[in-house]
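Below is one structure, written out as structure tokens; comments come after it.
The values are calculated or read from the model by the stated rules, or taken from the named source; none is laboratory data. The model shown is predicted, which means the values in this text are computed figures rather than measured ones. Glycine gets a Cβ as well: all are built from the backbone with ideal geometry, and neighbour counts include every protein chain shown.
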Amino acid sequence: MTTLTGKVVIVTGAGSGIGVGIAEVIAERGGAVAVLDRDAASAERVAEKLQTGGGEAISVACDVSDEGQVAEAVAQVHERFGRIDGLVNNAGVNFVKPFDEMSIAEWDRVISIDLRGTFLCTHACMPHFFANGSGSVVNIASVHTQACLPGAASYDAAKWGVLGMTKALAVEYASRGIRFNCLSPGLIDTKIWQDIQAAAVDQEACLAHWRANIPAGRVGTPREMGQVAAFLLSDDASYVTGANLLADGGMTSQLISREHA
Ligand SMILES: NC(=O)c1ccc[n+]([C@@H]2O[C@H](COP(=O)([O-])OP(=O)(O)OC[C@H]3O[C@@H](n4cnc5c(N)ncnc54)[C@H](O)[C@@H]3O)[C@@H](O)[C@H]2O)c1
């Protein structure tokens, strides 16, 4: 099994959803986790739960789109653990609105969290990776880096930007032992999926629709994303850099949705 013993990893947006699954798997595999979230109470709850389970974890309150808060958060993690080996840029917001109705403020909010936040956190960790002569950054992108949906221009622009930055940095820093990869989830059982179900007029029809669109026949779990992230963070992935690893139950490999699940 992939081990992360001795590694210190920051997971952003780990107060809920996919980030929790990633933090849990890292802790179980022996890594120390900095649970970073702008929601301080959620981050604390997750870190306490990891500690209770025997893991090494701290919570850090931070808005990833704020340069000063990011610098302070990364310094706090380094002060606590003495090193930083990995970063999972998971904090993100989804936003759906027709492009022509979207305000500039709405566009800026998505870009500043999903893309600028990834830049700021990565930039702040670089000196620590240089000090180690190694590092692994996992950027949580999306199946939206393969195909798009109407109303998702700001989200898609941000996620394609994250993928572009990932590939650029993979090329730029491979010789210094620092790896950069994207993990692109399909539909995962977090608030997004709960909202889709809650908004459905017909629950059965909703489930049947998604079963037909996902060859695996189900949504993914945050822990399944954690398992992939753990691999990318680990030395098992020592020759993997610049990848966009799709963890989507086959969703983006299917040409057209099937009539029957
Ligand atoms: N759930 C899915 O189906 C799905 C699919 C593809 C990609 N993703 C991506 O996975 C990531 C996590 O999504 P999720 O579904 O777990 O969402 P979520 O809303 O459950 O969790 C996101 C977390 O990020 C935190 N956050 C938001 N803005 C922040 C900021 N500015 N600074 C710090 N923390 C912030 C939130 O407080 C929250 O705890 C996102 O990047 C999302 O785009 C999710």
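Among the residues of the range 170-178, at least one is away from the ligand (no atom under 16 Å from the Cβ), of a type in the set (D, E, K, R), more than 30 Å from Pro215 (Cβ to Cβ) and free of Cβ contacts under 8 Å to residues at least 24 places away in the same chain.
Per the listing Ile214, Ile140, Ile178, the residue uniquely over 27 Å from Val33 (Cα atoms) and of a type outside the set (Gly, Ala, Ser) is Ile214. Among the residues of the range 74-92, the ones that are touching an Asp or Glu at 6+ places or on another chain (Cβ under 9 Å) and of a type in the set (A, V, I, L, M, F, W, C) come to 2 in all.
Matching residues to (1) in contact with a helix residue (DSSP H, G or I) (Cβ under 9 Å, 6 or more places away or on another chain); (2) surrounded by fewer than 20 Cβ atoms within 10 Å (Cβ to Cβ):
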residue: Gln194; (1), (2): no, yes
residue: Val201; (1), (2): no, yes
residue: Leu207; (1), (2): yes, yes
residue: Ser234; (1), (2): no, no
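Entry remark, the range 54-69: residues being more than 9 Å from the ligand (Cβ to nearest atom), buried (at least 17 other Cβ atoms within 10 Å of the Cβ) and either modelled with pLDDT under 95 or part of a helix (DSSP H, G or I) (or both) number 0 in total.
Scanning the range 95-104 for residues that are within 15 Å of the ligand (Cβ to nearest atom) and out of contact with any Asp or Glu (no Cβ under 8 Å at 6 or more places or on another chain) yields one hit, Val96.
Being more than 9 Å from the ligand (Cβ to nearest atom) and either among the β-branched types (Val, Ile, Thr) or in contact with a His (Cβ under 7 Å, 6 or more places away or on another chain) (or both) narrows it down to one residue among Val201, Val162, Val219; which is it?
The conditions single out Val201.
Surrounded by fewer than 24 Cβ atoms within 10 Å (Cβ to Cβ), modelled with pLDDT under 95 and assigned to a loop (DSSP other than H, G, I, E, B) - does that describe any residue in the range 25-37? Taking every residue of the range 25-37 in turn, none turns out to be surrounded by fewer than 24 Cβ atoms within 10 Å (Cβ to Cβ), modelled with pLDDT under 95 and assigned to a loop (DSSP other than H, G, I, E, B).
Residues that are of a type in the set (Val, Ile, Thr) and within 16 Å of the ligand (Cβ to nearest atom) were ranked within the range 70-89; the one that is farthest from Tyr155 (Cα to Cα) is Val77. Within the range 70-96, the set of residues being of a type outside the set (Lys, Arg), farther than 30 Å from Trp107 by Cβ and not in a helix (DSSP H, G or I) comprises Gly82, Ile84, Asp85, Gly86. Picking from residues in the range 69-121 that are without any contact (Cβ under 8 Å) to a residue 12 or more places away in the chain and of a type in the set (A, V, I, L, M, F, W, C), the one that is nearest to Ile178 (Cα to Cα) is Ala75.
Restricting the first residue to the range 10-32 and requiring it to be free of Cβ contacts under 8 Å to residues at least 60 places away in the same chain and within 15 Å of the ligand (Cβ to nearest atom), which pairs with a second residue that is among the small types (Gly, Ala, Ser) and part of a helix (DSSP H, G or I) meet a Cβ separation below 9 Å and a spacing of at least six or different chains? Between residues of the range 10-32 that are free of Cβ contacts under 8 Å to residues at least 60 places away in the same chain and within 15 Å of the ligand (Cβ to nearest atom) and residues that are among the small types (Gly, Ala, Ser) and part of a helix (DSSP H, G or I), the close pairs are Gly15/Ala40; Gly15/Ala41; Gly15/Ser42; Gly15/Ala43. Each residue in the range 170-186 was checked for being buried (at least 22 other Cβ atoms within 10 Å of the Cβ), aliphatic (A, V, I, L, M) and over 17 Å from Met225 (Cβ atoms), and 1 pass. Among the residues of the range 212-229, those identified as farther than 9 Å from Leu187 by Cβ, in a helix (DSSP H, G or I) and touching a helix residue (DSSP H, G or I) at 6+ places or on another chain (Cβ under 8 Å) are Pro222, Arg223, Glu224, Met225, Gly226, Gln227, Ala229.
More than 16 Å from the ligand (Cβ to nearest atom), touching a strand residue (DSSP E or B) at 6+ places or on another chain (Cβ under 9 Å) and either modelled with pLDDT of 95 or more or not aliphatic (A, V, I, L, M) (or both): is that true of Gly92 in this structure? When the stated conditions are applied, Gly92 does not pass them.
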